[in-house]
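Q: Before anything else, here's the structure in question.
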Amino acid sequence: MLVRFSVENFLSFNERTFFSMIAGKTRSKAYHKNKAVSNVQTLKFSAVFGANASGKSNLIKSIDFGRKLILGKEKLTSIQNQKFKLTSKPNVNSRFEYEIQANGNMYAYGFIVSKKAIIEEWLYLVTPSKETLIFERINDVITVNKDKINKYSDAEKEFWNFFVNSVKSDKLILTHASQLEINKDFASFDHIRSILNWFKNSLTIVYPNSKSVGIHFELLKNEDLRLMFSKFLSYFDTGINSIEFDTVDPSKTRVPEHILTESINDLLEEDGEKTTAILSEPRTGQLVFLQKSEDGVTCSKMITKRRVFGTDEYIEFDPTDEESDGTKRLLDLIPLLVDSMDGDNVIIIDEIERSLHPNLVMNFIEFYLDSSRTISNKTQLILATHESGLLDQSLIRKDEVWFIAKAQDGSSHLSSLEEFKVRFDKELRKNYLVGRFNGIPKFGNKLDLADTNGNSYFL
């Protein structure tokens, strides 16, 4: 679980800014809270509201940048163009810190970086009574908890010595660990493995244009999952009765011939490890699935089916060309609901309302929260949204609501609804839209709008 995240000097965040999933004083909807770890109880849901360009997406990008840097998917030099720019005294360094719960433990992990080097990095195991150092780094000096390491074998001690001395100045310790094949029998690395696994497998970030490609192969292979998926689509009133896969002639697809041939040859390569491939038709974006089989390579496409009213006849639809933007968005979001039922996932969605009716967004959230009543899953859903209809206290708790707004200097600032003295029975949406909590657009005077000759457009 995500407990807290803080960022400084990145995108629109100048000063250190905190986002928290720690449950507040709100007493309602106790089932929205996860079981406490190290005496810290986290929330299952949170929503960040704000105007366009207020910093909602930047908050998500900040969380994602740290994740990518840790997993080696982002270069350190890329931070240079992402630091806060609207200042006469720019800060050289940027700071990121994650407080998380993983494998029954609570950790504090963070780092301070410049465009060229890791300035500081730290990892602590947090318990109700104390914080225990796992490692700490200040420039090129790395300190590890020798009391912990000395309990292990000589081989393990020797590897730690090699590990510490081989970390490069521009690479995080966690990144270095992820790129080494560390013996799983080395128990002294268990905490590091827990953190890495959380960033790699538990944290999912979904942008407006994100596509759930992996789920399609799962649907192709798993009939039970297809049935569940179809039920979700019916529940959300898409009109779709089922999802199926049609076997097609590879030559009849619209994938360029040379790409298709190369992919098939790769799968047929003797002693080759690849058994599947996903290709995309350039014009439509329709996915084409290749699977190695005993007879060669099978090519298939996903289709949706609808029943002709009053008959037993079903019509096939191409989900890329013939489904609405809202349905296609649902096809990407439903896997997240499925994941939430599996447990131990932190799902962050930017602009969940894109292409979706407000009632459908509400129902999506309601479904997630209702399922969390009966499923002990430790899943969190975090949204950045414009959808003011979610500001409904029959649906969510006060401590689940955050507002983000731009200051005069262009920097973003976060505030929790709990910081405002609002009666519990007050209509939140109305108060938000009139500017009570900030986070709404501030328009100029339209009478100031004029052409190049100074003639107002409104006079």
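Q: Go through segment 250-262 and give me each residue that's free of Cβ contacts under 8 Å to residues at least 40 places away in the same chain and either surrounded by 11 or more Cβ atoms within 10 Å (Cβ to Cβ) or within 24 Å of GLU322 (Cβ to Cβ) (or both).
A: Passing the criteria: SER251, LYS252, ARG254, VAL255, PRO256, ILE259, LEU260, THR261, GLU262.
Q: Pick out the one residue from LYS68, LYS61, LYS35 that is surrounded by fewer than 18 Cβ atoms within 10 Å (Cβ to Cβ) and at pLDDT 95 or above.
A: LYS68 is the lone residue from the list that is surrounded by fewer than 18 Cβ atoms within 10 Å (Cβ to Cβ) and at pLDDT 95 or above.
Q: Could you count how many residues in segment 66-97 are part of a helix (DSSP H, G or I) and free of Cβ contacts under 8 Å to residues at least 24 places away in the same chain?
A: Residues meeting the conditions: 3.
Q: Working carefully through the options PHE217, PHE289, PHE245, PHE232, find the one that is modelled with pLDDT of 85 or more and within 30 Å of MET1 (Cβ to Cβ).
A: Sole residue among the options that is modelled with pLDDT of 85 or more and within 30 Å of MET1 (Cβ to Cβ): PHE232.
Q: A follow-up question, please. Are any residues in segment 268-306 buried (at least 18 other Cβ atoms within 10 Å of the Cβ), closer than 20 Å to LEU233 by Cβ and of a type in the set (Lys, Arg), and if so, which ones?
A: LYS301
Q: Still on this structure, I have one more. I need a count of the residues in segment 330-370 that are polar (S, T, N, Q) and assigned to a helix (DSSP H, G or I).
A: 3
Q: While we're here: Go through (1) at positive phi; (2) exposed (fewer than 12 other Cβ atoms within 10 Å of the Cβ) for GLY239 and report which single condition fails.
A: (2)
Q: Considering only segment 280-329, give the strands (runs of 3 or more DSSP E) lying wholly within it that have at least 1 residues that are touching a helix residue (DSSP H, G or I) at 6+ places or on another chain (Cβ under 6 Å).
A: Once the strands (runs of 3 or more DSSP E) in segment 280-329 are filtered for at least 1 residues that are touching a helix residue (DSSP H, G or I) at 6+ places or on another chain (Cβ under 6 Å), what remains is 287-293, 296-307.
Q: Further question on the same structure: Could you pull out the residue among THR26, THR42 that is surrounded by 21 or more Cβ atoms within 10 Å (Cβ to Cβ), touching a residue at least 40 places away in the same chain (Cβ under 8 Å) and either under 29 Å from GLN393 (Cα atoms) or in the same structural domain as GLU131 (by TED's automatic domain parsing) (or both)?
A: Selected residue: THR42, the only one of THR26, THR42 that is surrounded by 21 or more Cβ atoms within 10 Å (Cβ to Cβ), touching a residue at least 40 places away in the same chain (Cβ under 8 Å) and either under 29 Å from GLN393 (Cα atoms) or in the same structural domain as GLU131 (by TED's automatic domain parsing) (or both).
Q: Which of the following residues is free of Cβ contacts under 8 Å to residues at least 40 places away in the same chain and within 23 Å of the chain's Cα centre (by Cα): ALA177, ALA187?
A: ALA177
Q: Another one. Going by the structure shown, is PHE309 among the aromatic types (Phe, Trp, Tyr), farther than 20 Å from ILE278 by Cα and surrounded by 15 or more Cβ atoms within 10 Å (Cβ to Cβ)?
A: Spelling it out, it is not the case that PHE309 is among the aromatic types (Phe, Trp, Tyr), farther than 20 Å from ILE278 by Cα and surrounded by 15 or more Cβ atoms within 10 Å (Cβ to Cβ).
Q: What's the number of the condition GLY55 fails, among (1) within 17 Å of the chain's Cα centre (by Cα); (2) at pLDDT 95 or above; (3) surrounded by 21 or more Cβ atoms within 10 Å (Cβ to Cβ)?
A: (2)
Q: Here is a follow-up. Inside segment 1-45, can you point out the residues that are within 13 Å of THR379 (Cα to Cα) and of a type in the set (Ser, Thr, Tyr)?
A: Across segment 1-45, the qualifying residues are TYR31, THR42.
Q: For the list (1) assigned to a helix (DSSP H, G or I); (2) loosely packed, with under 11 Cβ neighbours inside 10 Å, I need the number of the one condition that ASN265 fails.
A: Condition not satisfied by ASN265: (2).
Q: On to the next question. So is TYR109 modelled with pLDDT under 95, outside any loop (DSSP other than H, G, I, E, B), over 17 Å from the mean Cα position of the chain (by Cα) and farther than 25 Å from GLN408 by Cβ or not?
A: So TYR109 fails the test.
Q: Out of LYS61, LYS35, LYS44, LYS68, which single residue is more than 19 Å from the chain's Cα centre (by Cα) and basic (Lys, Arg)?
A: Among LYS61, LYS35, LYS44, LYS68, only LYS35 is more than 19 Å from the chain's Cα centre (by Cα) and basic (Lys, Arg).
Q: Something else: When you scan segment 214-236, how many residues do you find that are surrounded by fewer than 17 Cβ atoms within 10 Å (Cβ to Cβ), among the charged types (D, E, K, R) and under 15 Å from THR304 (Cα atoms)?
A: Going through segment 214-236 one residue at a time, the tally reaches 2.
Q: Looking at ILE79, ILE138, can you tell me which residue is surrounded by 13 or more Cβ atoms within 10 Å (Cβ to Cβ) and over 20 Å from the mean Cα position of the chain (by Cα)?
A: Sole residue among the options that is surrounded by 13 or more Cβ atoms within 10 Å (Cβ to Cβ) and over 20 Å from the mean Cα position of the chain (by Cα): ILE138.
Q: Taking THR127 and the conditions (1) surrounded by 15 or more Cβ atoms within 10 Å (Cβ to Cβ); (2) out of contact with any Leu (no Cβ under 9 Å at 6 or more places or on another chain); (3) closer than 28 Å to GLN41 by Cβ, which numbered condition does it fall short on, given that it satisfies the others?
A: (1)
The values are calculated or read from the model by the stated rules, or taken from the named source; none is laboratory data. Just so we're clear, the structure is a prediction, and the values are computed from it rather than from any experiment. All Cβ positions, glycine included, derive from the backbone under ideal geometry; neighbour counts span all protein chains shown.
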